[in-house]
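Contents: one structure, followed by commentary.
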Amino acid sequence: MSVIYALIPVAILFVILAVVIFFWAVRSNQFEDIERQGMTILMDDDDEKEQKKPNDDRSD
Amino acid sequence: MASDVEDGVCFHCLQPIPHGVELSVAFQGDDKAVCCAGCQAVAETIIEHGLTAYYKHRDLDKPQQTPLLPEQLKELDVYDNPDVQSDFVRNTGDHSKQTTLTVNNITCGACAWLIERELAKTPGMIKSVVNVSNQRLHIEWDGSIIKLSDIIARLARIGYQALPFQQNQIEANINARRKGFIKRLGVAGLATMQVMMIAFALYFGVVSDLDPTTQQYLWVVSLVFATPVILYSGQPFYKSALKSIQAGSVNMDVPVSIALIGAYIASLYAVIIGRGEVYFESISMFTFFLLTGRFLELLAKEKALKFSTNRLTYMPNLAHREYDGGLEDIAAKQLKINDIIVIKPGETIPADGVLLSDKASVDESLLTGESRPVTKATGDGIVAGSVNQSATLRIKVTATAQQTVLAGIVAMQDAALADKPKVQKAIDHIAQYFVMTLLAIAAVTFLVWSWFDPDHALWVTLAVLVATCPCALSLAAPTSITGAVHRLNRMNVLVKGAQLLESVKHLDTVVFDKTGTLTYGQFKLIAREDYADIDTINAIVSGLEQRSEHPIAAALSQLSDQPTSPDAIQNYPGQGILAEIAGTDYRLGRCEFIQIWHPNWQPKRQSNVILANRQAVLAEFQVDDEVREDSHDVISALKLQGIRTIMLTGDSDARAQTLASQLDIDEVLSEQSPADKVDTIKSLQQQKHTVWMIGDGINDSPVLAQADLSMTFAHASDMAQTAADVVLLNDQLTRVLDVIETARKTRIIMRENFIWAAGYNLTILPIAALGLVAPWAAALGMSLSSLVVVANSLRLYRL
């Protein structure tokens, strides 16, 4: 049982770390618009594939 | 989300394709049919710019965007005027400027991607961020390279209508509160998990044996985790409790705060003296549950608030003022009385005035709800907000800005809103008695126990406090309300006011506006009778009507895809058109206009547009505002529920009666001004009726504000949307029935919640007071009763 005397403080540190990361995420507005983030990944992937197409005549 | 669009609907906007339209766009080798030139242009721009991924990933279940009409694009220059910009643009550097626009047709993540991509390719754009939940676009641009109107026009070309809006102070406040809530929830959630884990070790320690040192150690660890929860996460409850005590009343947060702080202090004392009971897991869990409930409530409120703010678009009106023989464009708010202004066809009249031109036809539907244009002669009054349907007009200004009839309606709305019957929060009533009883019982328990068994007095009292913590009780109302709001949101109904649940209880009267509510508010061909070759008639009629600005004309101008062009045409305002085609004279217009040639002819139907040449009458058309498909069903369903239906309209009596008998409405009040409508509702309310009002025009906004609960549609005027408590986003009248059903269901669930929570508290109270409830059982029972309440409310999410 004595192992818990060492492990629980480690767990506390991890939780503190988790809270710090969470606060940072909130502060950098990552919870502002939850609806679209899932979609963002999809869209960007597709775009890269399309840019590789030779018939893409965009100038930029 | 799929890219398969059904046959017969537009590839871009998913609206049905009108008969005879054969437009298409090339998309990945296929020709896709579209409904109009607007959609075609938008789709072509999107494809041309390499943004086809939009069509692959957009959410087809949601209503799609409708393209901006080209006329609106011309007026965007106004937004480049520095005086106008000073109201909503921030200058952040030498040339860089920032603003937030509302884009009301963003529906899913694909729209956001499309807009950001399009703007990223625009020279002069520094940054653009779309927020889908708010339907907002934040942009930063270089004013020396690109103008704001160009940015808005670019968005219009891909089908989005972006406009500046009036920022709302309450909104910034809610934003900050939401962030605070997310942080508090995060802390409470993470800490609760840890404390629960340790609590399980302690629970088993009760059964088997746990040595005192380990138990003491686990208590200290729980204390470490529970402290930030009580000190940080619980703050909103303490603040609200303090506020209500300062205001001399007691709300539900008072017993919650007492239980939380009391249990924490007693547990802390137990840790210090090394014996007794600890309640850290209950404290953490209660806080987490309660915070979740409050957070969901806040989100629902925020959504409704953002929706109304997005409607308050900033629309600077320009006026063309006569000035030394020429014309100058000035902002409407700078107009002065006796200025002479010119209004071009189709423009909105910026100020009240007197007509100087010979004759005019204006659409006053914005103010009266009546969609037929009104004919005016020299010297007649013209009202701001009406639309010029005839040739260019000259007007002498008689009232500006704050004095116009339109401003008067706004003032009337504000007054009605202040007058609206107030809803008493039933829950805070319960709280008052509850707290008093609770404190009395806890005090009695403590006194009695200290008399007989002083050692246990503190712990038994604490068990009473924890067992009776009104956690479930205080979750009963908010969880069911948020459940109802989410359920309605999923049905595309937006709820803004809290009146819904209270007002459905005694609901006995539903009042409808006519134009735009029971009808579609647009002229359509309802019936026709042909006396000659139908294709020839169609070609002639659409050829003539395409040259008319009359609103009825729009309904007939699309009859044929190959309209015949007239050789000569003469317009008789209010009568009809006289035209010459290939040597034959034709008359197209109202019955009296045709009877000049055919004095004895009578129409077979209730026709209001007739085509004739000198020899014979060729065709008659009945064009009218079409009744909504679901109006009749809604009225009869309401009657079945024993609800009285009333129609209020500014329209003439004859037309109102026809519609009323067709729909079988109980009562009709016609020729009502906005003030009459408010008075009608007020007198109904004085007779102790609970009145719901459904309307859509600017003229309806005061009456919407006065009703116990008001509903409007997403296409309604901005003012009606601001005044209404409920907005039906998908334009179906049957949703009214769903709203009533949901509100009733929610009341039932809320009552079940109250009965369960109060019942549990009353049952456990005597047992706890006798000292028979172990602390872990008290905590577990409390948590379970809260979970039952939450689960019961979750039933509302199921459709």
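None of the figures in this text is laboratory data; all of them are computed from the coordinates on show. Bear in mind the structure is a predicted one, so any value in this text is a computation, not a measurement. Cβ: placed from backbone, ideal geometry, glycine included. Neighbour counts: every protein chain shown.
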### Query
Based on the mean of other beta carbon atoms within 10 Å per residue, what is the order of B:213-226, B:479-492, most packed first?
B:479-492, B:213-226
### 3J(HN,Hα) from dihedral phi, the stretch B:626-634, Karplus parametrisation 6.51/-1.76/1.60, rounded to Hz, x for glycine, proline
6, 6, 4, 4, 9, 4, 4, 4, 5
#### Entry: residue B:676-residue B:9 pseudo-label distance in nm [points 7 Å out on the Cα-to-Cβ vector]
4.1
### Summary
Here D for the protein assembly as shown, in µm²/s, from Stokes-Einstein with a Kirkwood Rh over Cα pairs at 25 °C and 0.890 mPa s, works out to 77
### Task
Quick one: dipole size for the stretch B:70-169, taken about the Cα centre, charges +1 on Lys/Arg Cβ and -1 on Asp/Glu Cβ, in debye to the nearest 20.
360
### Message
Using +1 at the C-beta of Lys and Arg and -1 at the C-beta of Asp and Glu, which of B:558, B:607, B:544 has the Cα lying farthest in the positive direction of the dipole of the stretch B:532-615?
### Response
B:607
### Task
Quick one: plug the Kirkwood hydrodynamic radius of the stretch B:532-615 (C-alpha pairs) into Stokes-Einstein at 20 °C, 1.002 mPa s, and report D in µm²/s.
167
### Query
Given a cut-off of under 8 Å on Cα pairs at least six residues apart, what relative contact order in percent is computed for chain B?
11
## Note on the structure
Length gained, residue B:686-residue B:359, 0.36 nm per residue minus C-alpha separation, equals 113.3 nm
### Message
How compact is the stretch B:141-249 by the rule of thumb for globular proteins, expressed as Cα Rg over 2.2 N^0.38 Å?
### Response
1.98
### Query
Dipole size in debye (nearest 20) for the stretch B:131-198 around its Cα centre, Lys and Arg Cβ +1, Asp and Glu Cβ -1?
240
### Prolate/oblate/rounded label for the stretch B:70-169 (Cα gyration tensor, a/c 1.5)
rounded
### Query
So what's the angle, to the nearest 10 degrees on a 0 to 90 scale, between helix B:534-545 and the longest Cα principal axis of chain B?
80
## Note on the structure
Going residue by residue through the stretch B:437-446, the Karplus relation 6.51 cos²θ - 1.76 cosθ + 1.60 with θ = phi - 60° gives ³J(HN,Hα) values, rounded to whole Hz and with x marking Gly or Pro, of 4, 4, 5, 5, 5, 4, 5, 4, 3, 4
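Would you mind putting B:691-703, B:452-464, B:151-163, B:751-763 in packing order, based on average other-beta-carbon counts within 10 Å, highest first?
Going by the mean number of other Cβ atoms within 10 Å, highest first, we get B:691-703, B:151-163, B:452-464, B:751-763.
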### Task
Take peptide A:9-16, look around each residue's Cβ out to 10 angstrom, count Cβ atoms belonging to other protein chains, and average those counts.
3
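Across peptide B:126-139, how many C-beta atoms of other chains are within 10 Å of each residue C-beta, on average?
Mean shielding by partner chains, rounded to a whole number: 2.
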### Summary
Sorting B:704, B:517, B:578 by the position of each Cα along the dipole of the protein assembly as shown (Lys, Arg +1; Asp, Glu -1; all at Cβ), the one nearest the positive end of that ordering is B:704
## Note on the structure
Shielding of B:102-108 by other chains, given as the mean Cβ count within 10 Å, works out to 1
### Task
Using just the helices of chain B, give the 222 nm mean residue ellipticity in deg cm²/dmol: DSSP H runs with n ≥ 4 each add -39,500 (n - 2.57), and the total is spread over all residues, rounded to 500.
-15500 deg cm²/dmol
### Query
So how tilted is helix B:775-794 from the main axis of chain B? Cα-based, degrees 0 to 90, rounded to 10.
10
## Note on the structure
Neighbours of residue B:236 by Cβ distance under 9 Å: Lys/Arg at +1, Asp/Glu at -1, summed charge +3
### In Hz, Karplus ³J(HN,Hα) per residue of the stretch B:173-187 (6.51, -1.76, 1.60; θ = phi - 60°; x = Gly, Pro)
4, 5, 4, 5, 5, 5, 4, x, 5, 4, 5, 4, 5, x, 4
### Query
Looking at this model, which pairs from B:301/B:505; B:303/B:682; B:344/B:376; B:127/B:496; B:639/B:677; B:639/B:688 are more than 24 angstrom apart at the alpha-carbon?
B:303/B:682; B:127/B:496
### Query
Using Cα atoms only, what is the angle between the long axis of helix B:148-157 and the major principal axis of chain B, expressed in degrees (0 to 90) to the nearest 10?
80
### Task
Please state the charge dipole magnitude for the protein assembly as shown, taken about the Cα centre, from unit charges on C-beta atoms (+1 on K and R, -1 on D and E), reported in debye and rounded to the nearest 20.
2980
### Task
Assuming a ≥ b ≥ c are the square roots of the Cα gyration tensor eigenvalues, decide whether the stretch B:519-569 counts as rounded (a/c under 1.5), prolate (otherwise, with a/b larger than b/c) or oblate.
oblate
### Task
Quick one: pull the percentage of alpha-carbon pairs in chain B with a separation above 48 Å.
35
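Grab the other residues whose beta carbon is less than 13 angstrom from that of residue B:741, score K and R as +1, D and E as -1, and report the net.
Summing Lys and Arg as +1 and Asp and Glu as -1 gives +4.
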### Query
Which residue, chosen from B:683, B:774, B:249, occupies the Cα position most advanced towards the positive end of the dipole of the protein assembly as shown, where the dipole is computed from +1 (Lys, Arg) and -1 (Asp, Glu) charges on Cβ about the Cα centre?
B:774
